[in-house]
Amino acid sequence: MSECDFMRENMPLLLTESLDPARRELTHQHIERCAACSDEWAGYRETWQFLGALPEVEVPAHVKTQFLANVEPPLRRLAPAESRRHVTRWLAQAAAVVLVASGAFYAGHRSKPIELKEQPASLNSYSIAESRVLPARLVSPNIEGRPDIENVSFVDSNPSDPDIGLSFDITSHVTVTGRPTDKSMVRLLRYVLENKNRAASPSRSRAIDWVRTLYSRPENAEPEIAEALANVLRNDSHEGVRIKAVETLNRMPGGASADTRGALIEALKSDPNPAVRIKAVEALANLAHSGATFDSATLDTLRQKAVQGDENVYVRVKAAEALSSIHP
């Protein structure tokens, strides 16, 4: 039996939350990296939802009798008496899912022919995760290059079985290629921008420069990237990184959302570095020139900054310029 066949046998159990935690985790990980099984799992879930929307129909007596005759003997051996009724119900649900997914039952679609399409061959998707548990049979025995393996520990959680565990951290080099608008690329770049606990400021600064080059083009506009830059502006401790975040937001087509405007206002109000406040008010002034609509709180902040005696003179001038550009 192939790995995919084994995982697909787990899918009805996954639907009914009947898998033990270890098998549930392995099944989900396989579904994430296998495009064919991911499509299969989507079909199971849609079928399950479809079943829930169907009216209850009385099962023909002969079908019920035959089904229970096949099910009851194993149930008597495997389940205590008080739980047999629940197990029987689960088996009926799982059997219904298998029937519907295989096309043997199509209530409400009797007039529509069933089409069986060959799935195109595809590579398993590469899942980026902080930690995972893998059976040895899924790991290639060939180790490529010289990856750094650290924090090694040996695990034998159950001495009565023959399995052992080897736990470690691994550092390897990965190159991801694709279009700037590919969802995987966008999510990866967002993680790099926002991951302030792991990425050093110079690395994030280079990432912002790269983002500015790519995503300032209208054809590559991505709201998620703008949101990530807004979070960098709010949270990064390095003023140089915050300045670059504002400059990039100022050039991005997706930089006019409510979230990014809110980040600019927060920076203008409370960022301790005057250079960041200058860049923030410049961005707000540009938004005003382009016809963006500001709420009352934003207008109040601009008015306050325009007359604030202890504020940087350039910030006061730009705040007044932004206000003059807003049409009543």
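The values are calculated or read from the model by the stated rules, or taken from the named source; none is laboratory data. Given the structure is predicted, the values throughout are model-derived calculations rather than measurements. Positions of Cβ are generated from backbone atoms using ideal geometry, with glycine treated the same way; all protein chains shown enter the neighbour counts.
Does segment 18-48 hold any residues that are over 22 Å from the mean Cα position of the chain (by Cα) and either in a helix (DSSP H, G or I) or farther than 21 Å from Ala129 by Cβ (or both), and which are they?
So the first thing to find is which residues in segment 18-48 are over 22 Å from the mean Cα position of the chain (by Cα), and the list is 18-20, 47-48.
Selection gives Ser18, Thr47, Trp48.
Give segment 142-183 a look and list any residue that's among the hydrophobic types (A, V, I, L, M, F, W, C), part of a loop (DSSP other than H, G, I, E, B) and over 30 Å from Pro253 (Cβ atoms), or say none.
So in segment 142-183, the residues among the hydrophobic types (A, V, I, L, M, F, W, C) come out as 143, 149, 152, 154-155, 164, 166, 168, 170, 174, 176.
Cutting the leftovers down to part of a loop (DSSP other than H, G, I, E, B) gives us 143, 164, 174, 176.
Selection gives Ile143, Ile164.
State all residues of segment 212-251 that are within 22 Å of Arg277 (Cβ to Cβ) and of a type in the set (A, V, I, L, M); if no residue qualifies, say none.
Correct list: Ala226, Ala228, Leu229, Ala230, Val232, Leu233, Val241, Ile243, Ala245, Val246, Leu249.
Residues of segment 216-229 being over 22 Å from the mean Cα position of the chain (by Cα) and either under 18 Å from Asp271 (Cβ atoms) or exposed (fewer than 15 other Cβ atoms within 10 Å of the Cβ) (or both), which ones? I'd like the intermediate steps shown before the answer.
Of segment 216-229, the ones over 22 Å from the mean Cα position of the chain (by Cα) are 216-219.
Correct list: Arg217, Pro218, Glu219.
With the condition kept exactly as written, say whether any residue in segment 230-244 is crowded, with 18+ Cβ neighbours inside 10 Å, among the acidic types (Asp, Glu) and without any contact (Cβ under 8 Å) to a residue 40 or more places away in the chain.
For segment 230-244, residues crowded, with 18+ Cβ neighbours inside 10 Å, among the acidic types (Asp, Glu) and without any contact (Cβ under 8 Å) to a residue 40 or more places away in the chain: absent.
So which of Arg277, Arg303, Arg234 is closer than 29 Å to Arg179 by Cα and either of a type in the set (Val, Ile, Thr) or in a helix (DSSP H, G or I) (or both)? Can you show your working first?
Details: Arg277 fails: closer than 29 Å to Arg179 by Cα; Arg303 fails: closer than 29 Å to Arg179 by Cα.
Residue meeting the stated conditions: Arg234.
Could you please find all residues in segment 270-309 being closer than 21 Å to Arg242 by Cβ and charged (D, E, K, R)?
If the condition is that a residue be closer than 21 Å to Arg242 by Cβ and charged (D, E, K, R), then Asp271, Arg277, Lys279, Glu282, Lys305 are the ones that fit.
When the residues of segment 140-164 are narrowed to those that are more than 17 Å from Ala22 (Cα to Cα) and among the hydroxyl-bearing types (Ser, Thr, Tyr), which ends up surrounded by the fewest Cβ atoms within 10 Å (Cβ to Cβ)? Step through it out loud before you land on a result.
The initial filter retains those residues of segment 140-164 that are more than 17 Å from Ala22 (Cα to Cα), namely 140-154, 159-160.
Next cut, among the hydroxyl-bearing types (Ser, Thr, Tyr) only: 140, 153, 160.
On the way: Ser140: 6, Ser153: 8, Ser160: 4.
Only one residue tops the list, namely Ser160.
Pairs, please: C-beta under 7 Å, at least 6 apart or cross-chain, first residue assigned by TED's automatic domain parsing to the domain that holds Pro12 and in segment 27-40, second assigned to a helix (DSSP H, G or I) and polar (S, T, N, Q)?
Here the result reads Thr27/Asn10; Ile31/Ser38, each pair linking segment 27-40 to a residue that is assigned to a helix (DSSP H, G or I) and polar (S, T, N, Q).
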